[in-house]
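Below is one structure, written out as structure tokens; comments come after it.
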Amino acid sequence: MADMAVQSDVMEAAGPYDRAKALSAFKLGDLTFYWITRISAISVLLILGGIILSLIVGAWPAMKEYGFAFLWTQRWAPSADPPVLGALGPIYGTLITSVIAMLIAIPVGIGIAVFLTELCPQWLRRPIGIAIELLAGIPSIIYGMWGFFVLGPFLANTFQPFMIRIFEGIPVLGAVFAGPPSYLSLFNAALILAIMVLPFITAISVDVFKTVPPVLKEAAYGMGCTTWEVVRSVVIPSPASA
């Protein structure tokens, strides 16, 4: 008992000093963490600003020589006299392929996320999740080569002729699928873009759906709702309303 009393007196005597020292260490750690995260966030803005500035500097000679008319000029003839440079075609192709890619990737990514969080067996979630995340690690040049040498011939020989006949005469879609079948079609490029962004959309959707409170889903199931009704009325709207 005497030994315990002595140890207690020693701890009480050293307590205020140890607490002050611990608080000082925590304060220094918090301050260091704050500045590291702040510098990291600011560096992202600086890098983005540097990219924009370098693009403007690189494009300035062309803009100064040909003016801003190249934005709505369709013809591209650098060997003509005088040269004609029009960026309307690439701009149109970029916008159309991006829109089609998002129309494909967003529903598919959300569907995969719903399956992984609500329907998939527990033992299968991790393998499927890892397989989808591995798609994000494939270099874009690999996607491009696969799209040109594998996906392109398949679309040109089987899919595109069918789609050309269906959408002939329909605005926008008719222009997207118009012309002879080609390995370099807009749909082929859009499909490759959709596959490239699919892992990111799926990962974000899974993280968002995991934030839905389980009590809300349990209450919906308790009221006799089906899985589809729970997903439609609880899982998807809850993150959006938050």
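Remarks
- Here the condition is being touching a Phe, Trp or Tyr at 6+ places or on another chain (Cβ under 6 Å) and of a type outside the set (Phe, Trp, Tyr); of Gly86, Gly58, it holds for Gly86 alone.
- Evaluation of Ala80 against (1) hydrophobic (A, V, I, L, M, F, W, C); (2) within 17 Å of Leu193 (Cβ to Cβ); (3) not in a helix (DSSP H, G or I) (one fails), failing number: (2)
- From the list Ile104, Ile96, the lone residue that is modelled with pLDDT under 90 and in the same structural domain as Pro199 (by TED's automatic domain parsing) is Ile96.
- Positions within the range 105-127 being surrounded by fewer than 18 Cβ atoms within 10 Å (Cβ to Cβ) and not charged (D, E, K, R), in sequence order: Ile106, Pro107, Val108, Gly111, Phe115, Leu119, Cys120, Pro121, Gln122, Trp123, Leu124, Pro127
Let's see how each residue does on (1) closer than 30 Å to Leu116 by Cα; (2) over 25 Å from the mean Cα position of the chain (by Cα); (3) in the same structural domain as Ile110 (by TED's automatic domain parsing):
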{"residue": "Met163", "(1), (2), (3)": "no, yes, yes"}
{"residue": "Gly174", "(1), (2), (3)": "no, yes, yes"}
{"residue": "Phe187", "(1), (2), (3)": "yes, no, yes"}
{"residue": "Leu191", "(1), (2), (3)": "yes, no, yes"}
{"residue": "Val197", "(1), (2), (3)": "yes, no, yes"}
{"residue": "Ile201", "(1), (2), (3)": "yes, no, yes"}
{"residue": "Ser205", "(1), (2), (3)": "yes, no, yes"}
{"residue": "Tyr221", "(1), (2), (3)": "yes, yes, no"}
{"residue": "Trp228", "(1), (2), (3)": "yes, yes, no"}
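The values are calculated or read from the model by the stated rules, or taken from the named source; none is laboratory data. What you see is a predicted model; the values in this text were computed from it and never measured. When we count neighbours, we look across all protein chains shown, and the Cβ atoms used for this are built from the backbone with ideal geometry, even at glycine.
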